[in-house]
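Structure first, then comments.
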Amino acid sequence: MSDGTGGGRAGGAGRGGPRDGHPGGPRRNEQGRERNRGGAAPRRFSTSAPSQRKRIADPARLAAFEVLRAVATEDAYANLVLPARIRDRGLDRRDAGFATELAYGALRGQGLYDAILARCVDRPLDQLDPAILDALRLGAHQVLAMRVPTHAALDETVGLARAVIGAGPSGLVNAVLRKVAARSLDAWIADLLEGVTEPAARDAIAHSHPEWIVRAMRQSLVAHGRSAEEIGALLEADNLAPVVNLVALPGLGDLEEALASGAEPGTLAPDSAYSAGGELSRLRSVRAGTTRVQDAGSQLVARALAGVPLEGRDTDWLDLCAGPGGKAALLAALAAERGAELTANEPAPHRAELVRKALVAVPRDAWSVVVGDGRRYAGIPADQRFDRIMVDAPCSGLGALRRRPESRWRKTPRDIAELTILQGELLDAALAAIRPGGVVAYVTCSPHPAETLAVVEDALRRHPSARLLDAGSAIDGVGLAPLDAAHPMAGGSTVQLWPHLHRTDAMFLALITLDAGTPAQTATKG
């Protein structure tokens, strides 16, 4: 990776030595130009001198810049765009790591960096060219939060601006970043917090989250039996780069190659590992699809559903919202070991294709993929009902902010209000499609009580024959170690995982059954 030092080119013209006529004064060449005098110390030039400014973009920084531009202009997801940019720029492992840290860090810190930049720019930020603002965010992250020398961060960001935006804006970038670099990150935060007394507003600034998300997360902690005082640790965990988790599909994959390459055994879920980083596609089992990248929280909730003891038949499983296929692959592998079959339902055709690709390593007689609205399962005949159903409901994704760095700036409270209606309808459909004695797992990657506890409580009221199971015991029964994650509720318990406690996404799990011998009943919604 370029070390980003920039700096002057040897032999450049300059002044500042002894005046003409002084002993040892300037020597000139045939054209009368002053030559480098040499001396005890090499001459140094200002990095802001026109002749010394970089006019090319460092490939790693360029890749990060392209990610920010795609996020802003195409509504793209950074985790999908970045790998392609890394390949396009031909980055090696070290440069790829730098580009990842730079792009993700600038996106996570966008709110804080914008507040700092607003103090350093002589106009409102919304009047800046968006490309210039993205370059400034990248520069601010390097200056304030990365192990990049200040002069290198300035030189390389100015070089990036000159290469991809233009020479004129590069002067603005240079001037603004010099102001940013005049203080440490802690000093900037202290300045921004001066006069701010409301706790959520202070946390929003210090941890670079929208204020409404800070309030929602604090409410979520309390609703799930945690202390509101954990909010700082939770927000800090959101800003940490997550460790990549691997899972070997039961009966199909193994972790030997990954462990031999430096991965560490997982501490939460069976057949899991923490990746050592690098290009995972070099592993044969990953290329074959028998070892997959999957958060340990997702592994645990899938295993918990499969691990609940059932009386009677256990052959027909359903993943109601299967895309993009991570949980479906693990469920299908578990089903294959027992002679069961998983139906993976996905409403979007392009996501259904992702599910098929995720399932390709699992024996073909253990799964099928269907395309359609999951709510239609509410009307299936009694003799076609399922034994186990996963409802991995579409949600706000507030539990995966560390993995999707741009999402915190895209979400609004209105998103949650709209999603809870769909979540309730999907859970209703699952409870209508489960046989008596079967089990439904309601899962979200969000701890928000409106998407978790409220959806479950409302469903239990609408379905008199439904009963909550002990999800805490189910999780502990399939994990490698007991988790402090269960919260008592309505005769059973739900589970809420947390990034700052479990090093997982903030996955929620409720397990619901229909009492054997009673048909599914749905009360009329008021």
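Restricting attention to the stretch 111-129, report how many residues are part of a helix (DSSP H, G or I), touching a residue at least 12 places away in the same chain (Cβ under 8 Å) and more than 23 Å from the chain's Cα centre (by Cα). Let's see the steps before the verdict.
Filtering the stretch 111-129 down to residues part of a helix (DSSP H, G or I) leaves 111-118, 125-127.
In the following step, the residues that additionally are touching a residue at least 12 places away in the same chain (Cβ under 8 Å) were identified as 111-117.
Going one step further and asking which of them are more than 23 Å from the chain's Cα centre (by Cα), we end up with 116-117.
Final tally of qualifying residues: 2.
Of all helices (runs of 4 or more DSSP H) completely enclosed by the stretch 219-288, which ones contain at least 2 residues that are in contact with an Asp or Glu (Cβ under 9 Å, 6 or more places away or on another chain)? Can you show your working first?
Working: elements: 231-238, 256-260, 284-288.
It comes to 231-238, 284-288.
Among the candidates Ala167, Ala187, Ala181, single out the residue that is in contact with a Leu (Cβ under 9 Å, 6 or more places away or on another chain) and of a type in the set (A, V, I, L, M, F, W, C).
Numbers: Ala167 fails: in contact with a Leu (Cβ under 9 Å, 6 or more places away or on another chain); Ala187 fails: in contact with a Leu (Cβ under 9 Å, 6 or more places away or on another chain).
None of the other options fit; the residue is Ala181.
Select the strands (runs of 3 or more DSSP E) contained entirely in the stretch 440-521, then report the ones holding at least 1 residues which are basic (Lys, Arg) and surrounded by fewer than 24 Cβ atoms within 10 Å (Cβ to Cβ). Steps first, answer last, please.
Details: elements: 466-468, 486-489, 492-496, 508-514.
By residue number, 466-468.
Within the stretch 299-330, work out how many residues are surrounded by fewer than 19 Cβ atoms within 10 Å (Cβ to Cβ), within 11 Å of Val439 (Cα to Cα) and within 29 Å of the chain's Cα centre (by Cα).
1
Can you find, within the stretch 130-170, the residue that is surrounded by the fewest Cβ atoms within 10 Å (Cβ to Cβ) among those that are assigned to a helix (DSSP H, G or I) and of a type in the set (D, E, K, R)? If you could, list the steps in order and put the result at the bottom.
Filtering the stretch 130-170 down to residues assigned to a helix (DSSP H, G or I) leaves 130-145, 150-164, 167-170.
The next check asks that each one be of a type in the set (D, E, K, R); those that pass are 134, 137, 155-156, 162.
Details: Asp134: 26, Arg137: 25, Asp155: 23, Glu156: 26, Arg162: 21.
It comes out as Arg162.
Checking Leu401 against (1) touching a Gly at 6+ places or on another chain (Cβ under 6 Å); (2) buried (at least 24 other Cβ atoms within 10 Å of the Cβ), which single condition isn't satisfied?
Among (1) touching a Gly at 6+ places or on another chain (Cβ under 6 Å); (2) buried (at least 24 other Cβ atoms within 10 Å of the Cβ), Leu401 violates only (1).
Could you grab me the full set of residues in the stretch 317-351 that are of a type in the set (Gly, Ala, Ser) and under 21 Å from Gly379 (Cα atoms)? If you could, list the steps in order and put the result at the bottom.
First, the residues of the stretch 317-351 that are of a type in the set (Gly, Ala, Ser): 322-323, 325-326, 328-329, 332-333, 335-336, 339-340, 344, 348.
Once the filter is applied, which keeps residues that are of a type in the set (Gly, Ala, Ser) and under 21 Å from Gly379 (Cα atoms), the stretch 317-351 yields Ala322, Ala344, Ala348.
Give the residue, chosen from Arg338, Arg385, Arg403, Arg435, that is more than 22 Å from Thr315 (Cβ to Cβ) and in contact (Cβ under 8 Å) with a residue 24 or more places away in the chain.
The unique qualifying residue is Arg403.
What are the residues in the stretch 206-218 that are among the small types (Gly, Ala, Ser) and part of a loop (DSSP other than H, G, I, E, B), if any? Write out each step before concluding.
Taking the stretch 206-218 first, the residues among the small types (Gly, Ala, Ser) are 206, 208, 216.
The one that is among the small types (Gly, Ala, Ser) and part of a loop (DSSP other than H, G, I, E, B): Ser208.
Please go through the stretch 79-105 and give me each residue that is within 20 Å of Gly139 (Cβ to Cβ) and touching a Lys or Arg at 6+ places or on another chain (Cβ under 7 Å), ordered by number.
The answer is Leu102, and nothing else.
Here are some residues: Leu235, Leu252. Which one is surrounded by 17 or more Cβ atoms within 10 Å (Cβ to Cβ), over 23 Å from the mean Cα position of the chain (by Cα) and not aromatic (Phe, Trp, Tyr)? Spell out the reasoning first.
On the way: Leu235 fails: over 23 Å from the mean Cα position of the chain (by Cα).
Just one listed residue meets the conditions, Leu252.
Given the structure, is Ala333 without any contact (Cβ under 8 Å) to a residue 24 or more places away in the chain, on the phi < 0 side of the Ramachandran plot and out of contact with any strand residue (DSSP E or B) (no Cβ under 7 Å at 6 or more places or on another chain)?
Working: without any contact (Cβ under 8 Å) to a residue 24 or more places away in the chain: no; on the phi < 0 side of the Ramachandran plot: yes; out of contact with any strand residue (DSSP E or B) (no Cβ under 7 Å at 6 or more places or on another chain): yes.
No.
Considering only the stretch 301-314, I want to know if a residue exists there that is in a loop (DSSP other than H, G, I, E, B), touching a strand residue (DSSP E or B) at 6+ places or on another chain (Cβ under 7 Å) and closer than 26 Å to His350 by Cα. I'd like the intermediate steps shown before the answer.
Applying the first criterion (in a loop (DSSP other than H, G, I, E, B)) to the stretch 301-314 yields 308-314.
Next, from what is left, pick out any that are touching a strand residue (DSSP E or B) at 6+ places or on another chain (Cβ under 7 Å): 308, 310-314.
Retained after the next criterion (residues that are closer than 26 Å to His350 by Cα): none.
No - not one qualifying residue is present in the stretch 301-314.
Residues that are of a type outside the set (A, V, I, L, M), modelled with pLDDT of 95 or more and buried (at least 19 other Cβ atoms within 10 Å of the Cβ): does the stretch 370-384 have at least one?
yes
Would you mind stating whether Thr267 is surrounded by fewer than 19 Cβ atoms within 10 Å (Cβ to Cβ) and either within 21 Å of Asn79 (Cα to Cα) or hydroxyl-bearing (Ser, Thr, Tyr) (or both)? Let's see the steps before the verdict.
On the way: surrounded by fewer than 19 Cβ atoms within 10 Å (Cβ to Cβ): yes; either within 21 Å of Asn79 (Cα to Cα) or hydroxyl-bearing (Ser, Thr, Tyr) (or both): yes.
Taking the combined requirement at face value, the residue satisfies it.
Only one of Ser227, Ser184, Ser220 is buried (at least 21 other Cβ atoms within 10 Å of the Cβ) and among the polar types (S, T, N, Q); which?
On the way: Ser227 fails: buried (at least 21 other Cβ atoms within 10 Å of the Cβ); Ser184 fails: buried (at least 21 other Cβ atoms within 10 Å of the Cβ).
Unique residue meeting the criteria: Ser220.
The values are calculated or read from the model by the stated rules, or taken from the named source; none is laboratory data. Nothing here was measured: the structure is a model prediction, and the numbers come from that model. Reconstructed Cβ throughout: ideal geometry from the backbone, glycine too, with neighbour counts over all protein chains shown.
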